[in-house]
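Report on the structure given below.
The values are calculated or read from the model by the stated rules, or taken from the named source; none is laboratory data. The structure displayed is predicted, hence computed values, not measured ones. So basically every Cβ, Gly included, is an ideal-geometry build from the backbone, and we count neighbours across all protein chains shown.
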Amino acid sequence: MEYMELLTKSNYTPQIFSRIICSHVDQIIGTLSIANEITHFGERGREAEGILRQFFEKALPKRFSVCSGFIYGASRISSQQDIIIYDNYNVAPLYVGESNEIVLINSVAATIECKTNLRNSSIDEIQEKCALVKAIHDPIQNTSDSEKWPPKPICSLFVYNSESSLEAIVNKLNSSKYHALDIVCCLSAGISFYNKEIDQYTLTTKEHILHGTTLDGKPITPSHHFFEYFYCWLMDRITEFKSVNINYIGQEMHSSINIDYK
């Protein structure tokens, strides 16, 4: 308690946390505007993924690594994931290539699908892609000690821009066969969370949040807040993640007996 008096002598800056996150948004959007000059759509998409990936590489605790690639579990492999956040401290990746990695499902804390522009017609495909990640997480097929198996990975969708309103996006999310996405962040429209209790996606748009110009002239836009919520929501869940080691000998024996020999 004898140290508490020092607080009155220090600068009271409760807004600094939000300000720092907002500065990251400015940097991300600024870099993306340069990437948008790339005329090749595929390369533009890869640049957008890279921009977001680089942010998380710096923002996450050191035990986590960020990559693009595939997830292996239950003797199956996922489709290609734009961004995978996994515990590289306790569980090594299965394969590390030039552009992609293959990581074990028990090390995966989160995945992020990244879109420069979202078409509602692609939402079903993204939901199915995320559903497969959660399906291969099945503890019964991966370990005999299912009680220690980590929770299913957080599956998220990050969108820079969408011509559709958030309401239209949410309607499409709710009508999908799979509800595997946990959170959708669209910088131009808002945020949608999956509510498991009601099996529905809810929405937060710019009408629900404060925004404007600060007293010192700094513009705080809805996009700033959307990214801030997205980042903080993910961080709260990722930092709680605890990986579990698999039985490597068991995996090798199961895999080797399925090899076709001459």
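Out of Ser121, Ser75, report the one residue that is loosely packed, with under 15 Cβ neighbours inside 10 Å, among the hydroxyl-bearing types (Ser, Thr, Tyr), in contact (Cβ under 8 Å) with a residue 60 or more places away in the chain and out of contact with any helix residue (DSSP H, G or I) (no Cβ under 6 Å at 6 or more places or on another chain). Only one candidate passes the filter, namely Ser75.
Restricting region 151-177 to residues that are farther than 13 Å from Glu113 by Cβ and among the β-branched types (Val, Ile, Thr), which is surrounded by the most Cβ atoms within 10 Å (Cβ to Cβ)? Step by step, filter region 151-177, then rank; the result is Ile169.
Within region 104-121, the set of residues being modelled with pLDDT under 95, among the β-branched types (Val, Ile, Thr) and farther than 13 Å from Cys185 by Cα comprises Ile105 only. Exactly one residue among Leu60, Leu32 is out of contact with any His (no Cβ under 7 Å at 6 or more places or on another chain), surrounded by 14 or more Cβ atoms within 10 Å (Cβ to Cβ), farther than 30 Å from Ile257 by Cα and modelled with pLDDT under 80, and that residue is Leu32. Taken together, the residues in region 128-184 that are assigned to a helix (DSSP H, G or I) and modelled with pLDDT of 85 or more amount to 18. Among residues of region 230-262 being among the hydroxyl-bearing types (Ser, Thr, Tyr) and modelled with pLDDT under 90, the one that is surrounded by the most Cβ atoms within 10 Å (Cβ to Cβ) is Ser243.
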